[in-house]
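Participant: The structure's right below; bear with me while I get my questions together.
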Amino acid sequence: MLESRPVRRWRWLVGLAFLVAAALLVSGLRARREQGTPVDLAPAASRPLFQSFVTASGEIVASRYADIGSSVMGRLVALAVAEGEAVARGQVLARIDPVQAASEADAAAALLRALEAELAAARARETDARLAAERARALIAQGIQSQAEVDAAGATADAAAAAVEAADRRVAQGRAQRARARDALAKTEITAPMDGVVTRLSVREGEMVVIGVQNQPGTILMTLSDLSALDAEVKVAEADVLRLALGQSASVSLEAVPGREFGGRVVEVGASALPLAGGAAAAREFRVVVRLDAPEPTLRPGLTCDVRILAEEVRDVVTVPLQAVVLRRAEGGGERQGVFLAEGGRARFAPVETGVIGGLDVEVRGLPAGAEVVAGPFQALRDLADGAAIRPRAAAGGS
């Protein structure tokens, strides 16, 4: 069936439009190629001092603190301190009901007295048996006592001596039981192990206090902290922890004290990663502790903080934007890193060695200061080839 003239004309117009669009696209690409890829340029900067920092967040903690628990179980009958109160070493903080412990101490003392009386009686019997044996040996020499009677007297003396030794050991055991009972009675009075401040009070008078057992933690009555020395305890990502070492300087800022920074030093770097919460896969973190050089008396444990640790510093180096460093295939195989230099409207690949990374810049070796490098955008850097035509992106925007 023959097509009508209007249909043939419509198809011819569509084909012509397609050819015109393709021609315009090709010419546009050719013009763009001739003009060059639009890029961002940045100079290689000379730095007299270049520093690299590790940042992390955490909270303020006391350098020395103690969670105060109880070694005996019972009802808390007296609470002698309040949260925020300063206490001295040896000061009574709380008392546990002493009735049961006191009765056990009295029972242990009475038992010891009974055992000591048994020991005295055993010693008296041992003395009598020893004298009887000596008399029997004297009489046998006169022919009055038989050998059997002498042997029996000797055996009785030996048994009496063994009874004294057993009674003496029971007395030692009774003394140990009395000491333990007295210790339990003394521990119903809970005292401060150091000078400090009660930074957390977890119980009230009248509550029951339990001691810890195998998988059951005991009651924590309070936390006592020495606020003369404070630390910033933070979590550092695994990518940064190997750059840290003891003694590195740091600055600590707190949301509660805006506009202030406190100097400090790294005093502890975790040897193993912190446990992950739950079973989800996540980046590992390490515990790092920074000791504040001059903490203010107003600071308190639990305040959130941000820490900036000086990990590395070098002098008289050349730096470029971190994004400017790219990888390209080497002639002999493998890859090499370098930057693209802007020379006469062309991109020239220049191999470099990198060093310290600080913020968004990186130290490079093998590049003169002031050289213009291609710093972006990322898409252009990914596809850029050695010798390709380039043009500053700012110039492209103004045209």
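Participant: Let me confirm something: among ARG336, ARG291, ARG315, ARG328, which residue is surrounded by fewer than 16 Cβ atoms within 10 Å (Cβ to Cβ), touching a residue at least 60 places away in the same chain (Cβ under 8 Å), basic (Lys, Arg) and in a strand (DSSP E or B)? Before the answer, list the steps.
Facilitator: Numbers: ARG336 fails: touching a residue at least 60 places away in the same chain (Cβ under 8 Å); ARG291 fails: surrounded by fewer than 16 Cβ atoms within 10 Å (Cβ to Cβ); ARG328 fails: touching a residue at least 60 places away in the same chain (Cβ under 8 Å).
Of the residues listed, the single one that is surrounded by fewer than 16 Cβ atoms within 10 Å (Cβ to Cβ), touching a residue at least 60 places away in the same chain (Cβ under 8 Å), basic (Lys, Arg) and in a strand (DSSP E or B) is ARG315.
Participant: Answer with yes or no whether ARG265 is within 16 Å of VAL289 (Cβ to Cβ) and either touching a residue at least 24 places away in the same chain (Cβ under 8 Å) or touching an Asp or Glu at 6+ places or on another chain (Cβ under 8 Å) (or both).
Facilitator: On the way: within 16 Å of VAL289 (Cβ to Cβ): yes; either touching a residue at least 24 places away in the same chain (Cβ under 8 Å) or touching an Asp or Glu at 6+ places or on another chain (Cβ under 8 Å) (or both): yes.
Yes.
Participant: While we're here: Being of a type in the set (Gly, Ala, Ser) and either surrounded by fewer than 18 Cβ atoms within 10 Å (Cβ to Cβ) or more than 22 Å from SER71 (Cβ to Cβ) (or both) is the filter here; which residues of the range 185-214 pass it?
Facilitator: So in the range 185-214, the residues of a type in the set (Gly, Ala, Ser) come out as 186, 192, 196, 202, 206, 212.
If the condition is that a residue be of a type in the set (Gly, Ala, Ser) and either surrounded by fewer than 18 Cβ atoms within 10 Å (Cβ to Cβ) or more than 22 Å from SER71 (Cβ to Cβ) (or both), then ALA186, SER202, GLY206, GLY212 are the ones that fit.
Participant: Separate question: Taking the criterion of being touching a residue at least 40 places away in the same chain (Cβ under 8 Å) and either touching a Gly at 6+ places or on another chain (Cβ under 9 Å) or within 30 Å of ALA122 (Cβ to Cβ) (or both), would at least one residue in the range 142-157 satisfy it? Quick ask: steps written out before the conclusion?
Facilitator: Of the range 142-157, the ones touching a residue at least 40 places away in the same chain (Cβ under 8 Å) are none.
Looking through the range 142-157, none of the residues is touching a residue at least 40 places away in the same chain (Cβ under 8 Å) and either touching a Gly at 6+ places or on another chain (Cβ under 9 Å) or within 30 Å of ALA122 (Cβ to Cβ) (or both).
Participant: Moving on. Answer yes or no: is there a residue in the range 104-116 that is touching an Asp or Glu at 6+ places or on another chain (Cβ under 7 Å), assigned by TED's automatic domain parsing to the domain that holds ARG180 and surrounded by 14 or more Cβ atoms within 10 Å (Cβ to Cβ). Can you show your working first?
Facilitator: Just the residues of the range 104-116 that are touching an Asp or Glu at 6+ places or on another chain (Cβ under 7 Å), to begin with: none.
Checked the range 104-116: no residue is touching an Asp or Glu at 6+ places or on another chain (Cβ under 7 Å), assigned by TED's automatic domain parsing to the domain that holds ARG180 and surrounded by 14 or more Cβ atoms within 10 Å (Cβ to Cβ).
Participant: Just give me the residues in the range 370-389 being in a strand (DSSP E or B) and modelled with pLDDT under 90, in sequence order. Before the answer, list the steps.
Facilitator: Filtering the range 370-389 for residues in a strand (DSSP E or B) gives 372-376, 389.
Listed by number, the list holds a single entry, GLY376.
Participant: Consider the range 196-245. How many of its residues are closer than 23 Å to VAL307 by Cβ and either of a type in the set (Asp, Glu) or not in a strand (DSSP E or B) (or both)?
Facilitator: Result for the range 196-245: 11.
Participant: Still on this structure, please answer the following. Would you confirm, using the coordinates I've provided, whether VAL356 is surrounded by 14 or more Cβ atoms within 10 Å (Cβ to Cβ), in contact (Cβ under 8 Å) with a residue 60 or more places away in the chain and farther than 10 Å from ALA44 by Cβ? Don't jump to the end; show me each part of the working.
Facilitator: Values: surrounded by 14 or more Cβ atoms within 10 Å (Cβ to Cβ): yes; in contact (Cβ under 8 Å) with a residue 60 or more places away in the chain: yes; farther than 10 Å from ALA44 by Cβ: yes.
When the stated conditions are applied, VAL356 passes them.
The values are calculated or read from the model by the stated rules, or taken from the named source; none is laboratory data. The structure displayed is predicted, hence computed values, not measured ones. Counting neighbours? That spans all protein chains shown, and the Cβs are built from the backbone with ideal geometry, glycine included.
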